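Okay, so here's the structure we're looking at.
The values are calculated or read from the model by the stated rules, or taken from the named source; none is laboratory data. Quantities reported herein were computed from a predicted structural model and do not represent experimental measurements. With ideal geometry, Cβ positions are generated from the backbone for all residues, glycine too; neighbour counts draw on all protein chains shown.
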Amino acid sequence: NGLTSWQNDINNTNVSSSAHSHNVIYPTVGDAKTVYAIKEDILGNVFVGTSNGFMMVPAEPTYLFVLNSYEFYLHGNNLWDLLVEAASQYETETLKPFPVTEVYRDQIAAATTTLVNDGDSVLLYGEVVPTKDRDQVMIKKISSFNLPNFKYRQTKNKFEITEGETVVRTLENDNVVVENDFNDIPIWSLELKSVVESGAAYIEPVTHTDILVVGSNLAQKIPISVATTIVPSKFP
């Protein structure tokens, strides 16, 4: 009724209506920015194109994991499974082992009851090993984040390198691998397409979201797994 009265007032059909307000449910606190585009996928995840990057507001509980200073954004309902996933990504990125042993079990159980509100955080400690520094895990409860590793990677000749591209690997015959980081690029428009990939027999299909984003000097299609972490990259 409140919205109807407000609309009637705009159209001058309700001369007795007055200004009113509505409570905001589950507000997301962040820095000031302009929102250009906003879309929701079939699982309730919200993607937002803003003046300073591409954001996601997952439908599931969301956390920032920091493993020995390496950051990973994950969302899901099982903290133990998310820790295992973060450790796997850490090992892929650093080529160093990160064993998830039973020493974390009680710590994760306690963290599950501690991480309730945005900004809540806990610090977990790994096994004591005399020959190496003790692993540390910081887990912080969050509600949204700018998508990490929002970049493309491409192989090209040295003379083809353009402004903003960084050489990350040198190949033979004057070829190089370059990256361009779009983390702070304004995202003006976006479109979502949910894709179900059928696996082999007796294997549950996997759902992911293809996102087409258009921004300043950017037009890119990225597949995003909605089951685990958010690390979109393009490898032409």
task: Name every residue in the range 42-57 that is in a loop (DSSP other than H, G, I, E, B), closer than 20 Å to residue 214 by Cβ and modelled with pLDDT of 85 or more, in order of residue number.
output: 45, 51
task: Tell me which of these residue 85 doesn't satisfy, since it passes every other one: (1) over 25 Å from residue 195 (Cα atoms); (2) at pLDDT 90 or above; (3) surrounded by 13 or more Cβ atoms within 10 Å (Cβ to Cβ).
output: (1)
query: Within the range 25-33, can one find any residue that is under 20 Å from residue 181 (Cα atoms), at pLDDT below 85 and not acidic (Asp, Glu)?
result: yes
